[in-house]
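The values are calculated or read from the model by the stated rules, or taken from the named source; none is laboratory data. What you see is a predicted model, and the numbers here were worked out from it, not measured in a lab. Don't worry about glycine lacking a Cβ; one is built from the backbone with ideal geometry, like all the others, and counts go over all protein chains shown.
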């Protein structure tokens with residue numbers, strides 16, 4: 001297991017004690033949007049995944065886990081990338097559960113839901129997820145949950161809603177675009193975000209090389 | 001091995017260890033070849049610093065009582081009779097010096113001192129039972 | 001790099017928004033021993049420890065940790081166990097989950113040892129971190145450190161919230177840990193009684209600077225406590241009184257051992273305890289502009305210097321922190337007071 005995977009695992013373990021509440025919310029949201037199979041997955045990503053990805057930061061703040069990250073044999077880079085890996089895992093898990101459910105619900109309600117629709121829905125979900133994480137994570141990692149809380153939860157939503165509104169980003173419109181572009185754009189956004197995070201984070205735990213002072217032997221006694 | 005440390009005696013801890021182990025060896029309580037705990041184990045057991053036990057052992061080794069084996073522990077060396085005699089002589093000298101200091105303060109003369117000493121020796125002869133001289137330096 | 005040092009700080013300085021939190025801090029610990037870092041609250045103990053662990057950037061100097069110059073390889077932390085005053089673990093983790101969470105990070109994690117230690121410390125695997133008392137959560141962190149076979153244990157104020165029994169247990173645990181001579185312990189404390197016995201080395205920090213560092217015996221030998229009547233401690237030439245405290249019945253100060261004999265016959269000269277050294281040195285005035293918010297509030301005494309403190313009880317021999325007393329800055333008598 002690489003250091004990044006171990007860090008993502010640590011995020012999972014961080015939220016693990018609260019998994020039952022999370023699953024309950026997850027189930028409720030699925031039931032709530034069961035009658036709209038085409039929007040189910042994007043909605044889950046917006047409502048559920050975005051909170052789940054931020055959850056470890058919330059707990060880390062309360063439990064002083066920044067100290068743990070500093071004490072464990074983990075480079076800061078692994079910590080940062082591990083958080084992103086955790087977010088990706090959250091998306092994958094949501095998609096793995098959400099996509100088949102969407103297909104199933106569509107079948108049950110005799111709503112047309114072909115392969116192309118599935119790809120479109122996944123693409124849209126990915127774009128929403130990527131945009132959200134790309135904005136949220138630099139703030140969460142640099143400032144921590146409690147200081148970012150408001151900003152990190154509101155800013156992505158505002159941007160997402162703005163983007164959806166401005167670009168008329170709905171299922172039919174995405175279908176007409178090249179889904180590939182959105183996939184790539186999402187990935188680029190996340191990679192760029194991780195790079196930015198690493199840069200601002202390095203500023204935080206910067207280690208300046210010692211300035212070589214040529215002062216003569218220093219005294220360490222009570223007289224000064 | 002028995003070591004009982006006093007926090008209030010004013011005698012440094014390493015000195016207390018040294019004296020007690022030394023006394024035990026001189027009295028035969030610890031025999032030649034007997035193993036002593038390592039400095040680290042002794043420090044743990046007595047809850048004192050390693051530097052203190054190391055110093056006690058180093059001085060005991062320097063005086064020929066014990067030999068230390070790095071990383072393992074220490075064991076009691078064969079008692080060299082000349083060494084024992086030297087130690088005992090030193091104890092006698094120390095005791096007499098203390099007596100002398102007290103005598104000076106009390107204004108006693110040489111003859112008074114000798115008289116006291118004779119008296120003590122005679123009293124000891126009467127008490128046939130107690131043959132072991134009391135060690136003023138050791139902690140009870 | 002000398003490998004017989006557990007760590008060394010050399011000329012370390014670190015600043016918070018322009019003001020130095022640490023200045024020219026240098027001290028080192030040979031492998032195999034315990035060092036106590038003592039000083040008042042706010043003296044810079046925690047900052048020093050955070051610098052040593054690479055958790056805080058330094059502006060000057062360099063730090064050597066287990067033979068590596070910081071920032072060393074990440075795997076350096078395999079060998080360092082850290083016990084801070086608050087457990088840095090999720091409160092809802094059970095102790096089983098603590099192991100599952102931390103194990104993947106440590107190459108030499110020893111699960112059997114972890115269970116043994118929890119058992120030894122009276123900790124239940126099913127217990128949650130948040131339900132542990134202060135002493136128990138400290139033991140948990142020690143168990144973690146010992147389970148990954150750390151070679152250096154770093155404690156920050158381990159005993160501050162502990163009852164005497166738990167403190168005594170900690171001393172025993174440290175003793176066990178040090179049976180292996182490749183291991184070392186650093187702990188910060190303001191309770192010097194813990195160090196009076198087991199400390200091998202002591203570093204005294206005050207106001208972000210090192211006042212003295214060395215073996216405990218060297219530190220104790222370096223100073224003497226002197227006590228005398230109200231006027232006995234004044235006027236001696238060449239004696240620097242450290243943290244003088246005057247009451248209506250007498251005065252007490254710390255002096256350097258070589259100067260103690262210059263004080264004359266009326267003065268009681270005694271070997272100090274670590275606490276006495278810490279208290280008197282801690283009472284030294286920081287040489288900077290008066291700052292009402294500073295920690296050395298004892299020095300901000302509004303009364304003029306020469307006047308004996310009124311209302312002082314007959315308790316001049318009592319503990320070093322009794323109320324009816326007053327600390328003065330270093331009164332160097334070397335030039336003044338000669339008739």
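How about the range B:47-71: which of its residues are more than 11 Å from chain C (Cβ to nearest Cβ) and over 13 Å from residue B:18 (Cα atoms)? Passing the criteria: B:67, B:68, B:69.
In the range C:143-170, the qualifying residues are those that are within 21 Å of the chain's Cα centre (by Cα) and assigned to a loop (DSSP other than H, G, I, E, B), and the one that is modelled with the lowest pLDDT is C:161. Of the residues contained in the range C:64-76, none is found to be touching a strand residue (DSSP E or B) at 6+ places or on another chain (Cβ under 8 Å), more than 12 Å from every other protein chain (Cβ to nearest Cβ), closer than 18 Å to residue C:162 by Cβ and surrounded by 16 or more Cβ atoms within 10 Å (Cβ to Cβ). Filtering the range C:99-113 for residues that are at pLDDT below 95, at negative phi, in contact with a strand residue (DSSP E or B) (Cβ under 8 Å, 6 or more places away or on another chain) and within 14 Å of another protein chain (Cβ to nearest Cβ) leaves an empty set.
Of everything in the range C:10-28, what is more than 12 Å from every other protein chain (Cβ to nearest Cβ) and either surrounded by fewer than 24 Cβ atoms within 10 Å (Cβ to Cβ) or out of contact with any strand residue (DSSP E or B) (no Cβ under 9 Å at 6 or more places or on another chain) (or both)? Give them in sequence order. Those that are more than 12 Å from every other protein chain (Cβ to nearest Cβ) and either surrounded by fewer than 24 Cβ atoms within 10 Å (Cβ to Cβ) or out of contact with any strand residue (DSSP E or B) (no Cβ under 9 Å at 6 or more places or on another chain) (or both): C:16, C:17, C:18, C:19, C:20, C:21.
Out of A:39, A:45, A:111, A:119, one residue alone is more than 18 Å from residue A:144 (Cα to Cα) and either crowded, with 19+ Cβ neighbours inside 10 Å or without any contact (Cβ under 8 Å) to a residue 12 or more places away in the chain (or both). It is A:45. Scan the range A:107-125 for residues that are farther than 16 Å from residue A:95 by Cα and not in a loop (DSSP other than H, G, I, E, B) and jot them down. Within the range A:107-125, A:107, A:108 qualify. Among the residues of the range C:245-281, those identified as in a helix (DSSP H, G or I) and either at positive phi or in contact (Cβ under 8 Å) with a residue 60 or more places away in the chain (or both) are C:274, C:275, C:277, C:278, C:281.
Only one of the numbered conditions (1) more than 14 Å from chain C (Cβ to nearest Cβ); (2) closer than 30 Å to residue C:193 by Cβ; (3) touching a strand residue (DSSP E or B) at 6+ places or on another chain (Cβ under 7 Å); (4) buried (at least 19 other Cβ atoms within 10 Å of the Cβ) is not met by residue B:38, and that is (1).
Annotation note: of A:34, A:63, the sole residue that is within 11 Å of another protein chain (Cβ to nearest Cβ), modelled with pLDDT under 90 and either in contact with a helix residue (DSSP H, G or I) (Cβ under 9 Å, 6 or more places away or on another chain) or within 29 Å of residue A:104 (Cα to Cα) (or both) is A:63. Condition (residue is farther than 22 Å from residue C:45 by Cα and more than 10 Å from every other protein chain (Cβ to nearest Cβ)) applied to the range C:174-181: is it met by at least one residue? No: the range C:174-181 contains no residue that is farther than 22 Å from residue C:45 by Cα and more than 10 Å from every other protein chain (Cβ to nearest Cβ).
Scanning the range C:223-240 turns up at least one residue that is in a strand (DSSP E or B), within 10 Å of another protein chain (Cβ to nearest Cβ) and either modelled with pLDDT under 85 or within 30 Å of residue C:13 (Cα to Cα) (or both).
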